[in-house]
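Just so it is clear, none of the values below were taken in a lab; they were calculated from the coordinates. In this text the structure is predicted, and so the values were computed from the model without any measurement. Ideal geometry is used to build each Cβ from the backbone, glycine not excepted, and the neighbour counts take in all protein chains shown.
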Amino acid sequence: MLRSTTTMREPLRGTVALAVLLLAAALLGLVAPAPAAGAPGSSSVVSAERPRKASTSAWMSVNAAKRIPGEKVKLSAHVYPEMRRKVVVQRKLGKRGKWTNFVSGRTTAKGELAREFKATTQDARFRVVVPAAKRGSTRYAAARSKVLKVKSVEQEARLTMRVSSGGELIEASVWAAPFRKKRPVRIQVLSDTWRTIAVGELDEKGQEEFTFLRVASGAYTFRAVVQQWRGAPKVVSPHRRIVITTPRDRTPPPKPQSLRAEPGDGSVELVWNKVDARDFAAYLVYMRSSASSTWNTLVVDKNVGYLRVTKLGNGTRYEFKVTAVDRYGNESGFSNTVRATPKGSATPPPPAGHGGGPGGGSSGDVPISVPGPGKPGSILDQWLELFPWLPLLPFWPYP
């Protein structure tokens with residue numbers, strides 16, 4: 001019995017000894033404690049790094065907040081930070097409209113997306129929506145811009161006309177809205193049809209001023225036409241009617257003297273003595289062929305004392321006479337009438353002393369070619385640029 005008891009106590013002593021050794025080792029730091037469940041190092045799998053979050057801002061811009069229906073509008077969406085991002089531009093028309101996707105795409109590397117479209121007749125509201133995006137280890141948040149309003153406005157044009165205090169000038173003032181700098185504008189006068197007598201451009205305030213020489217007495221109707229501009233249709237002002245009273249100067253200039261005609265090959269050269277008058281404006285050359293009873297009129301600058309009429313028919317007889325007109329529309333009597341028949345020979349050079357009065361000449365005299373009788377050509381356009389009031393004269397012969 002004693003032997004058996006000793007055998008049972010030996011394992012117990014070994015267990016106690018092992019526990020004492022482990023406790024001593026732990027106290028001395030020789031054995032590391034087992035990691036807790038879920039702690040780093042408790043598993044062979046390494047967790048991924050969490051992505052960094054970044055905010056996004058977005059806004060919109062337009063090249064003009066007030067737009068004419070039909071006019072082109074440039075709309076731009078902007079995203080920050082600047083990078084290529086997918087964006088959607090949404091639009092809402094009118095007060096009761098719903099938001100709809102209007103434009104979608106990707107911004108440039110500078111975070112911009114620009115589009116052009118035509119303005120509608122309704123006010124429009126725009127906003128840009130930017131979805132969330134991930135770049136590398138950074139996740140950028142979604143964003144939505146503030147609402148941008150583009151207002152649709154109707155065009156308006158006004159014309160003001162007045163006669164200057166001195167009674168010698170007509171002044172016209174044009175105003176148009178919305179303002180569009182350098183937009184072309186025309187002043188027109190009504191005769192049988194509307195005729196353009198002046199062309200200009202609106203300034204940064206939407207205004208333009210015109211001045212004309214006083215014309216012959218009578219009632220005249222004017223209007224301003226603001227031309228089509230970048231998709232916006234033209235707009236016409238209300239008509240303005242003014243009455244020109246009889247000018248104080250009713251005296252016509254002296255009539256041209258010593259009209260001569262020199263026939264050439266398909267041409268006739270006319271020479272006369274120049275008129276000297278303070279308010280002298282231009283010469284009117286009357287011409288017709290022997291087969292016609294209608295006089296056609298050519299306008300000649302006051303500094304030119306002769307005219308070469310070309311493209312005439314050889315063998316056809318032509319008649320010519322000249323008058324002078326002042327800036328009030330007073331016309332002189334006729335010069336002497338001359339007749340000439342173009343012939344098939346070389347045209348002689350102009351006489352040395354022609355156009356400057358007796359014994360004189362003028363360095364400003366230059367020959368002018370015009371079409372055949374009854375067919376006014378580009379030369380008339382040139383003179384209309386110099387004398388835009390000519391169509392207002394009661395004797396203006398061309399439609």
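Results, tabulated for the structure shown:
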read-out: Two-site label geometry, GLN207 and GLU82: point separation in nm, points 7 Å out along Cα→Cβ; value: 4.1 nm
read-out: Inter-site label distance for LYS146 and HIS239 at 7 Å from Cα along Cβ, in nm; value: 4.9 nm
read-out: Ordering of 265-273, 101-109, 127-135 by packing [mean C-beta count within 10 Å, highest first]; value: 265-273, 127-135, 101-109
read-out: Stretchable slack from VAL199 to ALA64, in nm (0.36 nm times residue separation minus alpha-carbon distance); value: 46.0 nm
read-out: Taking the C-alpha atoms of segment 156-244, convex hull volume expressed per residue in Å³; value: 87 Å³
read-out: Cβ crowding within 10 Å averaged over residues, with 117-123, 250-256 ranked highest first; value: 250-256, 117-123
read-out: FRET efficiency for LYS74 and PHE334, using Cβ-Cβ distance with R0 set to 56 Å, rounded to 0.05; value: 0.35
read-out: Members of LYS66/LYS95; LYS302/LYS343; LYS118/LYS149; LYS53/LYS92 lying beyond 22 Å, as alpha-carbon distances in this model show; value: LYS302/LYS343; LYS53/LYS92
read-out: Residues ARG317, ARG180, ARG96 arranged by fewest to most Cβ contacts within 10 Å; value: ARG96, ARG317, ARG180
read-out: Net charge over other residues, Cβ less than 11 angstrom from the Cβ of GLY333 (K, R count +1; D, E count -1); value: +1
read-out: Relative exposure of LYS98, LYS72, judged by other C-beta atoms within 10 Å (fewest first); value: LYS98, LYS72
read-out: Euclidean distance of C-alpha centroids, segment 101-167 and segment 191-264, integer Å; value: 41 Å
read-out: Net +/- balance of residues flanking GLY264 in space, Cβ distance below 15 Å, scoring K and R +1, D and E -1; value: +3
read-out: Kirkwood hydrodynamic radius of segment 53-152, Cα pairs, Å; value: 13.9 Å
read-out: Debye, to nearest 20: dipole size of segment 156-244, +1 on Lys, Arg Cβ, -1 on Asp, Glu Cβ; value: 300 debye
